[in-house]
Every structure is written in C-alpha cells, then in structure tokens.
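Right, one structure below, let's go through it.
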There are 2 protein chains.
Amino acid sequence: MKLLTVKSVDEVKKILIGNFQSIDMYEKVDIDDCLSRVLGQDIFAPEILPSFSRSSVDGYAVNASDTYGASESLPAFLEFIGEIKMGTEAELIGFGQTRYIPTGGMLPPGADAVAMVEYTEKLADQVMLYRQVGPGENVIKAGDDVKKGDFVISKGTVLKEAELGSLAALGINSVLVYKKPVVGIISTGNELVSRQVGELQKGQIRDINTILLSSIAKRLGADVFECGITIDNYDQIFEEASRLLPEVDILLLSGGSSVGTLDFTAQVLEKLSNKNVLVEGIAIKPGKPTLLAKVNNKAILGLPGHPVSAMMIFSYFGEILIDILSGSKDIKVKKICTALLTRNIPSSAGRTDWVRVKLEFDQNSYKATPVFGKSGLITTLIGTQGYIEIPPHKEGLEGGSTVDVVFWS
Amino acid sequence: MKLLTVKSVDEVKKILIGNFQSIDMYEKVDIDDCLSRVLGQDIFAPEILPSFSRSSVDGYAVNASDTYGASESLPAFLEFIGEIKMGTEAELIGFGQTRYIPTGGMLPPGADAVAMVEYTEKLADQVMLYRQVGPGENVIKAGDDVKKGDFVISKGTVLKEAELGSLAALGINSVLVYKKPVVGIISTGNELVSRQVGELQKGQIRDINTILLSSIAKRLGADVFECGITIDNYDQIFEEASRLLPEVDILLLSGGSSVGTLDFTAQVLEKLSNKNVLVEGIAIKPGKPTLLAKVNNKAILGLPGHPVSAMMIFSYFGEILIDILSGSKDIKVKKICTALLTRNIPSSAGRTDWVRVKLEFDQNSYKATPVFGKSGLITTLIGTQGYIEIPPHKEGLEGGSTVDVVFWS
C-alpha cells in the first residue's frame with residue numbers, strides 16, 4: 001500500500017463534512033423511545049400551552065381593579081365565594097368577589113390577577129387584601145408558553161428531556177426521527193478467533209476489534225451489524241464487504257496490520273467504491289494506515305489492525321461521520337479536563353499525536369500521566385480516561401505544563 | 001411546609017455523599033451487554049496476553065546473534081526455510097536460518113528477533129540482512145500485555161470500549177456488574193392527565209414530569225418504574241409511595257407546587273423515612289422547594305412541581321445520587337464550553353442560581369444568551385444547551401464577561 005498522499009486530521013475532517021450528508025430516511029417513533037434520537041421534522045404547536053390561564057401562586061383570584069389602593073392601613077374587602085379546585089373548570093367571579101386559588105389552578109372567568117395569600121387575611125365570608133395587584137399579576141396566561149401554530153422544535157434537534165417534555169405537554173405522542181446510521185463491522189485476519197473460544201491454539205488471538213468498534217458505534221448512537229471474522233484473502237474480504245454494504249451506512253474493515261492485509265483492504269475499497277478512495281493514510285499517531293472510500297452516501301473505513309489505533313481512529317472520525325449521517329444539528333462539545341502533565345511527551349512535528357493518559361486527583365488538581373505502551377497492547381487503555389492531542393506544529397509537550405485531556409466519552 | 005433550614009448546593013452534595021452508598025447487588029452479564037455498566041468484581045487475568053511472542057513488523061524471524069555486525073557493505077546471509085502463516089504454530093528455525101514473518105505472526109521457536117523487511121533482500125534460498133538486530137527487537141513477547149494472574153480491571157470501573165476489548169482479549173465473556181439503580185416516578189396533581197389524552201378539559205394539563213424525569217434517569221444509567229399520576233391527597237400519595245418504595249432505589253415525588261401539595265409530600269417523606277428527612281429546601285433557583293429523605297439506602301426526593309425546576313434539580317442531584325448507588329468509581333467531568341455572555345444576569349447573593357442559556361457560534365467563539373422564562377414554561381428549555389451557575393457569593397454576572405456553560409448532557 002502506498003500511503004503517499006497522507007492527509008492531516010483537519011483535512012480528513014473537511015473531507016468527511018464535504019462528502020457525506022444526513023441519511024434521508026425517517027421513522028415514526030413514540031416519544032418514550034425517542035431519547036437521544038434526532039428529530040426528522042419541524043414541530044409546530046397543534047394547540048395552545050397552557051390551554052388556560054393559571055395562577056403561579058397560592059392566593060385569591062381577583063379582578064385587579066377591585067384591589068387598587070389597597071394597603072396595610074386600608075385593606076380591600078372582597079366577598080369570598082369559594083375555592084377553585086385543581087383540574088376542574090373554575091367558576092365565574094363577579095366584581096367585588098374572590099375565590100381561593102392554589103398554584104396552577106385555573107383562573108376563573110371574571111378574574112384577571114391573583115393576590116398572594118401572604119398579603120391577605122380570610123374572615124368568615126370575606127377576604128381582606130393588604131396590597132393592590134395589577135392585571136395579569138401572578139398569572140401565567142393561556143398561550144404564555146406556546147401559541148397554536150408556533151414553531152417549537154426544529155428538524156435536526158437531538159431529542160433530550162426538555163424536548164420530550166415539551167412534546168408531551170403539547171399532546172404530541174410520536175414524531176418522525178432520522179433512521180439511525182448502521183455500522184457494519186468485518187474483522188479480517190487468519191490469526192483471529194471469536195472471543196467465545198475457550199482455549200487458544202498457538203498463533204491464534206481472540207477478535208477484540210469487533211466488540212471495541214461495536215461499543216463505540218453504539219455509544220455514538222448507531223445500530224450495529226457484527227459480521228464476525230473473515231480470512232485474510234482478497235476474494236473473501238471483497239465478497240463479505242459487498243454482501244454487507246447494502247445493509248449499512250458505514251462499513252468498517254478492521255484488518256491485520258501486515259502489508260499484505262493492508263493491500264487487500266486497499267484493493268477492496270478501490271473496487272467497491274469504483275476508485276472513489278478519499279483518504280489513504282492520515283498524519284496521526286496512532287492510526288496512520290487508515291483508508292476511507294465513498295460509495296454513494298456510504299463510508300467504507302479501512303482501520304488499522306492494532307486495537308488501540310482502531311479504537312482511537314474510529315472514536316474520533318466515527319463520531320464526526322455518525323453525527324453527519326444522523327442528521328444532528330446540535331452543537332458538539334467534548335468532555336475536557338485541565339490537568340498538569342507529569343512528564344515530557346516527545347512527538348514528531350508534521351503529524352498529530354494522540355497520547356492516552358491516566359488522570360489522578362492530587363491536591364485540588366488533576367495530574368495526567370501519559371501511557372506509552374505499543375498500540376497492539378489493548379490493556380494499556382484500561383484506567384486511561386482519555387487522551388492529549390499534540391498538534392502537528394508542536395514537537396512534544398513539557399512535563400509540568402498544563403494540558404487539556406479529552407475524555408473517551 | 002417550613003423550609004426553615006434551607007441548605008446550600010454544596011451541603012446537599014455532602015449529605016448525599018455522606019448518607020448513601022453503592023447498592024450491594026450484582027448480576028452476571030455477557031460483555032456484549034456491558035457497555036456503560038459498572039464492574040462489580042476485580043478482574044485478574046485468567047491467561048497470558050498475548051499468548052505467544054509475535055512480530056510487530058513484516059520481516060524475517062532470526063536469531064539475533066546471527067545478525068551481529070551485519071551492515072550495508074557487509075550483509076549477513078541466512079538460509080531461507082519458508083514463511084510463517086498467520087494463525088498457525090510457527091515451526092522451529094535453527095542457527096543460520098530464517099523464515100518470513102508477517103506483522104502479528106508467531107515468532108518461531110529458535111528465533112528471538114525480527115529483521116524489518118525494509119533492510120533485507122531475498123535471494124532464491126537465502127536472505128541478505130543489511131542491519132543487525134538485538135534480541136527482542138520488533139517482537140511483542142508473550143505476556144507483554146498481561147501476565148497470568150495480573151490485576152487487570154478494578155471493581156467500580158465503568159465498562160467502556162477499552163475494558164470490553166480487554167475482557168474479550170482475555171477470553172472473559174461475562175462479568176459481574178452492579179445492579180442498575182431503579183428510579184420510581186410518581187406525578188401528583190389533580191390537574192394532571194396522561195400525555196396520551198387527546199383533548200384537554202378546562203383546568204387540565206398533561207403530565208410532563210414523568211417523561212422528563214424518566215428520560216434523565218435513563219440517560220444517567222438507571223432503570224425506571226413509571227407510576228403514572230396520583231391525585232393530590234395525603235393517603236393516596238402515601239399509599240402509592242409505600243407500594244413503590246420496595247421496588248426502587250430512588251423514589252421521585254413530583255408534585256404540584258401549591259402549598260397544600262408540598263405539605264402532603266413533606267408529610268409522606270417524614271412518615272416513610274421515620275422522620276429521617278435530610279433536606280428541607282435548597283438555596284438554589286430554580287428548585288428551592290426540594291425535599292430529601294432516607295430509608296435505609298434508598299432516597300426519596302420531593303421535587304418541585306414546575307418542570308424546569310424538577311428537571312434541573314434531578315439532573316444535578318440525581319446524577320450524584322445515581323453515581324453513588326451504581327458503584328461507579330470513575331472520575332466525573334461535565335461537558336463545559338466557554339462562552340461570551342451577551343447580557344447582564346441579575347442574581348441574589350446567598351443562593352446558587354442556575355440560568356439556562358442558548359449558545360450561538362459567532363466569529364470563532366460561542367455567545368451565551370440567558371433565557372429567563374418562568375420555570376413553569378417547559379418550552380423555554382428548547383434550544384438551550386445548558387446552564388450557567390452563579391455561585392452564592394456573587395450578585396449576578398456582567399454582559400461581555402466570559403462564562404462556563406455546563407451542557408445538559
């Protein structure tokens with residue numbers, strides 16, 4: 001494989017943004033199952049919210065003009081004609097009359113304000129008010145939240161608790177959401193056996209990348225098609241990949257890291273995409289031998305075989321890709337924590353380095369210690385919280401400096 | 001309800017940490033279903049990893065001593081006796097002999113190093129080496145990743161892709177995980193009807209808090225028991241809560257916000273907890289009328305009825321509580337984004353203010369605009385990404401200052 005035209009991380013990002021778009025397929029889903037799904041339609045209010053004027057305090061529903069001039073020394077006296085019950089239609093009050101109203105209760109016809117109970121005194125069949133209230137005071141008017149026909153939630157919003165609550169409030173019980181992107185995973189390598197195999201033969205290792213990539217895809221909100229293990233042979237890989245491609249939106253080929261396997265993967269990508277290979281190598285460590293091809297709006301990623309590399313590459317670029325395909329228009333922010341670097345990290349200029357780190361909390365601040373194990377050693381990731389990025393223009397970071405640690409999730 | 005002993009946000013945090021502990025219940029789960037679950041046992045390696053010494057490059061397996069002194073001008077000549085196939089046991093090489101080995105291939109007995117293919121030349125039945133290699137060079141030794149019996153992952157770790165990959169590598173297919181905390185939700189209020197109701201009667205509103213609180217609980221990794229709507233009556237609330245409490249770890253009572261309802265909730269908490277009420281009001285806006293009681297290791301939360309308040313209180317304190325109960329020992333970091341505040345925010349000293357904001361990206365930086373709608377208006381949360389916290393010792397924030405926005409999720 002040539003890897004002559006290695007691209008920077010930012011170039012690959014731009015290629016993803018410029019070449020892929022949201023999947024134009026939707027499904028109708030009950031809002032109880034919509035958490036974290038991406039809304040596939042604009043939502044307009046089918047009704048007014050709240051549907052009636054409500055009191056925002058416990059107090060007495062009044063006609064504001066009946067209270068004008070009321071004070072501690074000269075209270076207003078109103079005729080008490082009963083209580084308003086929650087959840088029922090409130091009965092009329094006339095001028096000079098009042099009813100007790102609990103918070104959330106319906107403002108009765110004839111009233112336009114509520115006097116807080118704190119500034120009143122109840123006598124047998126009269127209520128004394130010690131303060132005047134203005135029209136609309138302590139009232140949430142019908143439609144204060146939303147008017148009928150108002151634009152409420154836009155297509156492309158990731159549905160979280162507030163949006164689901166708003167839909168529930170408006171009586172909208174199901175909505176169109178974007179179909180979830182589907183990620184297909186093929187692990188290639190003659191040395192691989194399923195993780196369920198009890199005793200390994202000499203020369204065999206268990207397939208790690210399937211569960212690794214599948215976990216990332218699920219965490220990023222995609223559905224997953226696990227295709228198991230394919231032997232390291234062009235025809236076999238091509239056949240499996242062709243069979244899987246129509247079923248998925250992103251196809252991951254995670255191969256061995258030998259030159260032969262990389263060549264097979266490169267050839268399969270070239271053939272399947274009709275030579276529409278967009279990336280042949282990234283200036284990143286770990287993860288340089290990464291391939292990206294495009295077939296219609298589908299992405300085929302050839303990932304490095306080393307699990308640490310495969311994981312970091314797919315976490316990073318997979319997130320961008322899944323976000324694009326899923327239709328999400330939300331602002332993306334990563335979990336970042338500032339930490340003190342405990343030792344120097346060497347790095348080569350001209351490429352991005354992602355260095356995994358362990359965090360410790362010590363004397364009110366975090367300390368980040370880089371982990372330097374080979375990227376074939378999966379357990380070096382255990383106990384790491386995330387990574388530090390060293391940009392291409394920097395040659396390493398000094399111990400004692402302050403760094404940003406990007407969390408895995 | 002008195003609310004005489006209002007506590008600060010930090011005090012409530014300490015009360016949660018000091019009074020609750022992880023649920024001491026576990027279940028055995030296949031690692032495919034363990035993403036984001038909390039490990040309930042320490043993991044030791046049942047076998048060595050990798051189980052055989054492997055090449056980390058494409059090249060020739062050699063006995064290092066056969067290569068000493070080799071150089072461009074004076075190459076070493078070794079007898080070529082074949083190739084090593086991936087996934088099969090490699091056959092012996094003797095002194096003066098070599099076999100081609102792909103990346104990840106098993107190092108043959110008799111070899112202790114690999115010469116990179118770049119520095120070799122293959123003749124008919126001989127290989128010329130232009131550089132010497134030292135013992136162990138380009139080799140990942142058996143056990144380099146993990147030795148048998150090594151401590152690998154500690155109880156309390158949240159299982160993410162790296163941990164699941166490591167378990168797969170070690171042939172561990174299922175593990176003990178902590179039982180998920182179960183959150184029970186009771187919505188109280190005579191004005192409430194189910195969100196499925198088509199046409200509302202005057203005075204009725206749809207139950208929002210159930211889907212709101214249930215979405216948050218699911219997002220935080222809990223299981224949910226939705227109990228529907230209870231009428232606003234002490235006996236009814238007590239009966240429902242007593243029935244639900246044995247089934248859950250956290251019981252949420254989200255009531256109307258009228259004084260009467262608050263009193264009922266307070267009485268129910270007092271009775272159920274045998275007067276072990278830990279919090280009666282928090283110095284926070286929104287969310288002051290929040291109650292917390294403890295029954296054994298179970299928490300009962302009386303939440304404010306306004307959906308915005310209920311959501312913010314349960315997002316914040318529910319996350320702390322669910323983390324404690326779930327057994328997680330992971331470092332917690334929130335998604336935070338730095339933004340320019342577009343206008344002044346007033347605030348009262350002596351209490352914490354959480355102000356929801358909308359973010360816009362403008363000229364390379366984020367601008368945060370506060371949203372001031374009443375906390376009864378659920379749709380004011382739509383389009384907000386998170387909130388700004390104004391601590392008790394500050395009286396507001398100035399427009400133009402730089403603020404941290406904490407993301408909802």
- Going through segment A:213-250 one residue at a time, which ones are surrounded by 16 or more Cβ atoms within 10 Å (Cβ to Cβ), among the β-branched types (V, I, T) and in a loop (DSSP other than H, G, I, E, B)? A:V248
- Query: Within segment B:22-78, which residues are among the polar types (S, T, N, Q) and within 27 Å of B:I324 (Cβ to Cβ)?
  - Reply: B:S22, B:S36, B:Q41
- Query: Can you tell me which residues in segment B:178-229 are of a type in the set (A, V, I, L, M, F, W, C), at the interface with chain A (Cβ under 9 Å from one of its Cβ atoms) and under 18 Å from B:G302 (Cβ atoms)?
  - Reply: B:L192, B:I208, B:L212, B:L213, B:I216
- Do any strands (runs of 3 or more DSSP E) lying entirely in segment A:1-112 carry at least 1 residues that are surrounded by fewer than 22 Cβ atoms within 10 Å (Cβ to Cβ), and which ones are they? A:26-30, A:76-83, A:97-101
- Note on the structure: If we keep only residues of segment B:357-375 that are more than 9 Å from every other protein chain (Cβ to nearest Cβ) and among the basic types (K, R), then the residue surrounded by the most Cβ atoms within 10 Å (Cβ to Cβ) is B:K358
- Looking only at segment B:52-67, which residues are among the hydroxyl-bearing types (S, T, Y), more than 10 Å from B:I101 (Cα to Cα) and within 36 Å of the chain's Cα centre (by Cα)? B:S53
- Item | Hits in segment A:140-163 (condition: within 23 Å of the chain's Cα centre (by Cα) and more than 7 Å from chain B (Cβ to nearest Cβ)) | A:F151, A:S154, A:K155, A:G156, A:T157, A:V158, A:L159
- Which members of segment B:58-100 meet the condition of being in contact with a helix residue (DSSP H, G or I) (Cβ under 9 Å, 6 or more places away or on another chain) and of a type in the set (V, I, T)? B:T98
- So, in segment A:326-353, of the ones that are in contact with a Pro (Cβ under 6 Å, 6 or more places away or on another chain) and of a type in the set (S, T, N, Q), which residue ends up farthest from A:S154 (Cα to Cα)? A:T352
- Out of (1) assigned by TED's automatic domain parsing to the domain that holds B:I313; (2) closer than 30 Å to A:P289 by Cα, what's the single condition that is false for B:F20? (2)
- Message: For segment B:238-277, which positions are within 14 Å of chain A (Cβ to nearest Cβ) and modelled with pLDDT of 95 or more?
- Response: B:L252
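Quick grid of which residues meet (1) of a type in the set (G, A, S); (2) over 24 Å from B:A222 (Cα atoms):
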{"position": "B:A310", "(1), (2)": "yes, no"}
{"position": "B:P346", "(1), (2)": "no, yes"}
{"position": "B:A349", "(1), (2)": "yes, yes"}
{"position": "B:F361", "(1), (2)": "no, yes"}
{"position": "B:I378", "(1), (2)": "no, no"}
{"position": "B:I388", "(1), (2)": "no, yes"}
{"position": "B:P391", "(1), (2)": "no, yes"}
{"position": "B:V403", "(1), (2)": "no, yes"}
{"position": "B:W408", "(1), (2)": "no, no"}
- Query: With respect to B:G400, is the statement that it is in contact with a strand residue (DSSP E or B) (Cβ under 7 Å, 6 or more places away or on another chain) and surrounded by fewer than 14 Cβ atoms within 10 Å (Cβ to Cβ) true?
  - Reply: yes
- Query: In this structure, does B:D249 turn out to be charged (D, E, K, R), within 32 Å of the chain's Cα centre (by Cα) and under 18 Å from B:L377 (Cα atoms)?
  - Reply: no
- Sole exception among (1) out of contact with any strand residue (DSSP E or B) (no Cβ under 9 Å at 6 or more places or on another chain); (2) surrounded by 19 or more Cβ atoms within 10 Å (Cβ to Cβ) for A:S254, by number: (1)
- From A:A349, A:A368, residue being outside the structural domain of A:V183 (by TED's automatic domain parsing) and either part of a loop (DSSP other than H, G, I, E, B) or aromatic (F, W, Y) (or both): A:A349
- What's the number of the condition A:S166 fails, among (1) facing chain B (nearest Cβ under 7 Å); (2) of a type in the set (S, T, Y); (3) within 30 Å of B:T103 (Cβ to Cβ)? (3)
- Task: Just name the residue that is nearest to B:T67 (Cα to Cα) out of those in segment B:105-121 that are acidic (D, E) and more than 11 Å from chain A (Cβ to nearest Cβ).
- Result: B:D112
- Task: Would you point out the residue of segment B:92-104, among those that are more than 11 Å from chain A (Cβ to nearest Cβ) and not small (G, A, S), that is farthest from B:L129 (Cα to Cα)?
- Result: B:L92
- Message: Tell me yes or no: at least one residue of segment A:320-332 is within 14 Å of chain B (Cβ to nearest Cβ), buried (at least 19 other Cβ atoms within 10 Å of the Cβ) and free of Cβ contacts under 8 Å to residues at least 60 places away in the same chain.
- Response: no
- Quick one: A:A349 ticks every box in (1) exposed (fewer than 15 other Cβ atoms within 10 Å of the Cβ); (2) free of Cβ contacts under 8 Å to residues at least 60 places away in the same chain; (3) within 14 Å of chain B (Cβ to nearest Cβ) except a single one, so which number is it? (3)
- Message: When you scan segment B:122-139, do you find a residue that is at negative phi and within 7 Å of chain A (Cβ to nearest Cβ), even just one?
- Response: no
- Message: Kindly evaluate A:T384 against the criterion of being polar (S, T, N, Q) and free of Cβ contacts under 8 Å to residues at least 40 places away in the same chain.
- Response: yes
- Within segment B:291-308, count every residue that is surrounded by 24 or more Cβ atoms within 10 Å (Cβ to Cβ) and not hydrophobic (A, V, I, L, M, F, W, C). 5
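The values are calculated or read from the model by the stated rules, or taken from the named source; none is laboratory data. This is a predicted model, so every value here is computed, not measured. Because the Cβ atoms are built from the backbone with ideal geometry, glycine has one as well, and the counts that use them run over all protein chains shown.
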